[in-house]
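Written below as structure tokens is the structure these notes are about.
The values are calculated or read from the model by the stated rules, or taken from the named source; none is laboratory data. Since this is a predicted model, take the numbers as computed values, not measurements. Cβ: placed from backbone, ideal geometry, glycine included. Neighbour counts: every protein chain shown. Note: areas computed on protein heavy atoms with side chains; ligands, DNA, RNA excluded. Shrake-Rupley method; radii C 1.70, N 1.55, O 1.52, S 1.80 Å.
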Amino acid sequence: MASTHVNPTRMELTRLKKKLVTARKGHKLLKDKRDELMRQFMELVKVNKELRKKVEDGIAAANKDFALAAAVMGDEAVKTALLAPKQSVSLQVSERNVMSVEVPVFDYKTGTAGENDIYSYGFIETSADLDTAVASLSAVFPDMLRLAEVEKSCSLMAAEIEKTRRRVNALEHVMIPEYMDKIRYISMKLDENERSTQIRLLKVKDMMLEKNYAAKHAEG
């Protein structure tokens with residue numbers, strides 16, 4: 001019970017009213033943050049869905065071409081052709097702030113600028129299907145990287161949304177009602193004390209009047 005943990009004084013009442021105002025402001029800010037996070041999260045989920053389909057379609061097409069190349073060249077010939085890649089890739093990871101959530105930003109650089117450096121073999125002894133498969137994988141790689149970035153961002157934002165939701169609920173259903181209960185209790189106690197004081201003053205006044213009246217009668 002709130003009344004067992006609060007000192008019913010005007011100073012305490014003022015302090016609790018200030019805390020209530022702060023809690024309500026914090027509640028509004030957190031609700032706004034939660035709503036904006038949800039909006040951006042839903043946009044990312046939509047992007048994630050589109051990217052995943054694009055990446056899965058690209059990988060499926062590349063696998064089909066690899067299968068065709070293996071059928072024409074043989075598995076060992078395909079493995080040998082891809083054994084010593086010319087191109088290298090370096091991944092750069094940074095962060096950006098989205099509503100206090102640090103989400104990753106992935107970028108990459110290739111070792112060389114030549115477009116044909118994705119092919120680690122000569123074109124004479126290989127199938128055109130292998131060229132198509134390698135080109136398909138190279139084309140889908142940026143989308144794969146972007147998909148990983150978006151999925152990680154979704155995961156981080158979902159965790160932040162849940163944390164913000166719990167804080168909003170704690171303020172809305174625990175802290176704010178508790179402050180209001182304490183304020184009501186103190187206000188009630190202060191009103192009772194004020195009424196008791198007024199009654200005592202009236203009684204003292206009546207006693208003084210009776211005393212004065214009795215003194216005048218005694219003199220008369």
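A few remarks follow.
- Residues of region 63-214: accessible area per residue with a 1.4 Å probe, Å²: 66
- On full extension, the segment bounded by residue 120 and residue 194 gains 17.4 nm, given 0.36 nm per residue less the C-alpha separation.
- When Rg and the Kirkwood Rh are both derived from Cα coordinates, the Rg/Rh ratio for the chain amounts to 1.53.
- Quarter of Cα convex hull surface for region 3-122, i.e. mean projection, nm²: 14.3
- Shape call, region 142-220: gyration tensor on alpha carbons, a/c limit 1.5: prolate
- Full extension of the chain between residue 28 and residue 128 gives 29.9 nm of extra length, using 0.36 nm per residue less the Cα-Cα distance.
- Each Cα pair under 8 Å and six or more residues apart adds its sequence gap; the mean of these over the residue count of the chain is a relative contact order of 36 percent.
- Computed [θ] at 222 nm, deg cm²/dmol, the chain (DSSP H ≥ 4; -39,500 (n - 2.57); rounded to nearest 500): -26500 deg cm²/dmol
- Taken along the Cα-to-beta-carbon direction at a fixed 7 Å, the label points for residue 91 and residue 38 span 3.3 nm.
- Within region 120-220, the GluC sites (Glu not before Pro) that combine a DSSP coil assignment with at most 15 other C-beta atoms in a 10 angstrom radius are 125.
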